[in-house]
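A short write-up of the structure that comes next.
The values are calculated or read from the model by the stated rules, or taken from the named source; none is laboratory data. Source: prediction; values computed, not measured. Reconstructed Cβ throughout: ideal geometry from the backbone, glycine too, with neighbour counts over all protein chains shown. We work out accessible area using only protein heavy atoms, side chains counted, and drop any ligands, DNA or RNA first. Shrake-Rupley method; radii C 1.70, N 1.55, O 1.52, S 1.80 Å.
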Amino acid sequence: MHGGGFLKIFLIIAAISLLLDWYVFSGLKTFTADWQSPRARQIALYGFLLISVGVTVLFIAGICSFSTAQGMRPFHEYMLSLFLTFFITKLFFVIILSLGDFGRFLVGVFNHVGSSTVSDGQPYFPQRRKFISEIAILVAAFPFTGFMYAIFRGKYDYKVHRQTLYYDDLPSAFDGFTITQLSDIHSGSFDNTAAMQRGIDLAQAQKSDLFVFTGDLVNNAAWEIEQYIPNFSKLRAPYGQFSILGNHDYGDYIQWNSEQEKAANLVKLKQHHRDLGYRLLLDENVEIEKDGQKVSLIGVQNWGRGFIKVGNLDKALTGVDKDAFKILLSHDPTHWEEQVRYNPANIHLTLSGHTHGAQFGVEVAGFRWSPVQYRYLDWAGLVNEKNRYLYVNRGFGFLAFSGRLGIWPEVTVITLKKKGLS
């Protein structure tokens, strides 16, 4: 769909939001009807309208100023996030209020159709009861509070996820070997360097043997990471730092003046991986050696169902011994689903990202839900298929929605263990 098509859709959504404002305003009038101070009532009612309509106007201004040549910037993401917060909050309020109004409608119909004693002066519908508006406000407070937390705190609320994996054929020298994984930095979205630095410090504090990054360093353009190179270049591990590309790293989601300019951007991004101290693996492999024993680390370019497919696993496996212990870096988990898990080459562990866990969901006491699960079979955490493991990192950064709720930004620590050893 072209940019004009998206603009029309967003304008329709904005118009719906303004209709919701009118309905919410009517509910708030009921809620404030018995306030003793007329001034306080006016402040509450028109304050709501000023803020809610203002957010919608700023949202419209943001999408009108959006440039496909640069992509979504933090301002656009922030306004989109605030608009979604108010839109969903109002939607919850309206659902409760409309249920109450529907009940009033049924009562009115029953009173006037089923009774022959209704006086001419009696209103057709009973008056809206205040407690319905109170319930609507209470229910709407939950999404509002959650989304505000997601925007102002949740997107930098970094969590460490630890997994210990046991293998019969892990070289004994690598028993207890640790890997820290980051994915989906999306540097073009950051709006708080100090908060971001806390995540970097948390990753470095794990003191892992190996550091890997599994794609989407930027949203669209190489320059987005430049101001953060001093921050992320501090991530170091004794056995090195390795990285791959994700679908956003190829610059496919913005307009370039020429194919040459787009190609130059990718060259520049690859240089920035070197500037960060990361060895970028482009359909290739390296051997990690410890105490005379080795494991093979393999990295492919992006291959994703519904996304760019340039990764070549066969090429990346060239020269790898069939009996070697293999760790694959592949950005999109659908690559594991379609090409890796049943591959004749026994790839012991695949590390991916890409999904972000939709940046929204629930993970409590073994229960997991996110809207992204309707798009991806494997969208977060560990998957095991006949002792071939996939781990999907929930992402370090954020994109489009400038927040995270329930699916927090992640630092992954994998510990490899050899079965039979203490």
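Right, residue 234: more than 18 Å from residue 186 (Cβ to Cβ), in contact with a helix residue (DSSP H, G or I) (Cβ under 7 Å, 6 or more places away or on another chain) and either of a type in the set (Phe, Trp, Tyr) or part of a loop (DSSP other than H, G, I, E, B) (or both) or not?
Values: more than 18 Å from residue 186 (Cβ to Cβ): yes; in contact with a helix residue (DSSP H, G or I) (Cβ under 7 Å, 6 or more places away or on another chain): yes; either of a type in the set (Phe, Trp, Tyr) or part of a loop (DSSP other than H, G, I, E, B) (or both): yes.
So residue 234 fits the description; yes.
Being out of contact with any helix residue (DSSP H, G or I) (no Cβ under 9 Å at 6 or more places or on another chain), open to solvent by less than 70 Å² (accessible area, probe 1.4 Å) and more than 30 Å from residue 405 (Cα to Cα) narrows it down to one of 362, 320, so name that one. Testing whether each residue is out of contact with any helix residue (DSSP H, G or I) (no Cβ under 9 Å at 6 or more places or on another chain), open to solvent by less than 70 Å² (accessible area, probe 1.4 Å) and more than 30 Å from residue 405 (Cα to Cα) leaves just 320. Residue 342: within 19 Å of residue 187 (Cβ to Cβ), surrounded by fewer than 16 Cβ atoms within 10 Å (Cβ to Cβ) and among the hydroxyl-bearing types (Ser, Thr, Tyr), yes or no? No: the conditions fail for residue 342.
Return the residue satisfying two criteria in turn: it lies in the range 62-79 and is open to solvent by 50 Å² or more (accessible area, probe 1.4 Å) and small (Gly, Ala, Ser), and of such residues it is modelled with the lowest pLDDT. Across the range 62-79, the extreme among qualifying residues is 69.
With surrounded by fewer than 21 Cβ atoms within 10 Å (Cβ to Cβ) and touching a strand residue (DSSP E or B) at 6+ places or on another chain (Cβ under 7 Å) as the only criterion, which of 299, 277, 306 stands out?
277
Within the range 173-205, the residues that satisfy the criterion of being open to solvent by 30 Å² or more (accessible area, probe 1.4 Å), closer than 23 Å to residue 404 by Cα and either in contact (Cβ under 8 Å) with a residue 40 or more places away in the chain or part of a loop (DSSP other than H, G, I, E, B) (or both) are 191, 192, 198, 202. Considering only residues in the range 365-379 that are hydrophobic (A, V, I, L, M, F, W, C) and within 22 Å of residue 336 (Cα to Cα), the one that is surrounded by the fewest Cβ atoms within 10 Å (Cβ to Cβ) turns out to be 377. Screening 341, 404 for residues that are in contact with a Lys or Arg (Cβ under 6 Å, 6 or more places away or on another chain) and modelled with pLDDT under 95 leaves exactly one candidate, 341. The single condition from (1) farther than 16 Å from residue 216 by Cβ; (2) open to solvent by 10 Å² or more (accessible area, probe 1.4 Å); (3) assigned to a loop (DSSP other than H, G, I, E, B) that residue 347 fails is (2).
Hey, any hits in the range 244-263 for a residue that's surrounded by fewer than 16 Cβ atoms within 10 Å (Cβ to Cβ) and closer than 22 Å to residue 346 by Cβ?
No, every residue in the range 244-263 fails to be surrounded by fewer than 16 Cβ atoms within 10 Å (Cβ to Cβ) and closer than 22 Å to residue 346 by Cβ.
Of the candidates 399, 421, 382, the single residue that is under 22 Å from residue 210 (Cα atoms), part of a loop (DSSP other than H, G, I, E, B) and either open to solvent by 40 Å² or more (accessible area, probe 1.4 Å) or modelled with pLDDT under 95 (or both) is 421.
Out of 399, 377, which single residue is out of contact with any strand residue (DSSP E or B) (no Cβ under 9 Å at 6 or more places or on another chain) and touching a residue at least 12 places away in the same chain (Cβ under 8 Å)? Criteria check complete, one pass: 399. If you scan the range 146-172, which residues turn out to be among the aliphatic types (A, V, I, L, M), in contact with a strand residue (DSSP E or B) (Cβ under 9 Å, 6 or more places away or on another chain) and open to solvent by 20 Å² or more (accessible area, probe 1.4 Å)? Of everything in the range 146-172, just one residue is among the aliphatic types (A, V, I, L, M), in contact with a strand residue (DSSP E or B) (Cβ under 9 Å, 6 or more places away or on another chain) and open to solvent by 20 Å² or more (accessible area, probe 1.4 Å), namely 160. Do we find a residue being under 18 Å from residue 354 (Cα atoms) and outside any strand (DSSP E or B) anywhere in the range 253-265? Yes, that holds for at least one residue. Here residue 226 fulfils each of the conditions (1) touching a helix residue (DSSP H, G or I) at 6+ places or on another chain (Cβ under 9 Å); (2) under 22 Å from residue 286 (Cβ atoms) apart from (2).
Listed by first and then second residue, the pairs with beta-carbon distance under 6 Å, at least 6 apart or on different chains, first residue in the range 25-43 and touching a residue at least 40 places away in the same chain (Cβ under 8 Å) and farther than 15 Å from residue 90 by Cβ, second among the hydroxyl-bearing types (Ser, Thr, Tyr) and surrounded by 11 or more Cβ atoms within 10 Å (Cβ to Cβ), are 30/133.
Can you tell me which residues in the range 288-309 are assigned to a strand (DSSP E or B) and touching a residue at least 12 places away in the same chain (Cβ under 8 Å)? 288, 290, 293, 294, 295, 296, 297, 298, 299, 303 - these are the residues of the range 288-309 that are assigned to a strand (DSSP E or B) and touching a residue at least 12 places away in the same chain (Cβ under 8 Å). Across the range 264-274, the number of residues qualifying as open to solvent by less than 40 Å² (accessible area, probe 1.4 Å) and either farther than 21 Å from residue 313 by Cβ or over 25 Å from the mean Cα position of the chain (by Cα) (or both) comes to 3.
Has the range 206-224 got at least one residue that is farther than 28 Å from residue 418 by Cα, in a helix (DSSP H, G or I) and open to solvent by 40 Å² or more (accessible area, probe 1.4 Å)? Checked against the condition, which is being farther than 28 Å from residue 418 by Cα, in a helix (DSSP H, G or I) and open to solvent by 40 Å² or more (accessible area, probe 1.4 Å), the range 206-224 yields at least one hit.
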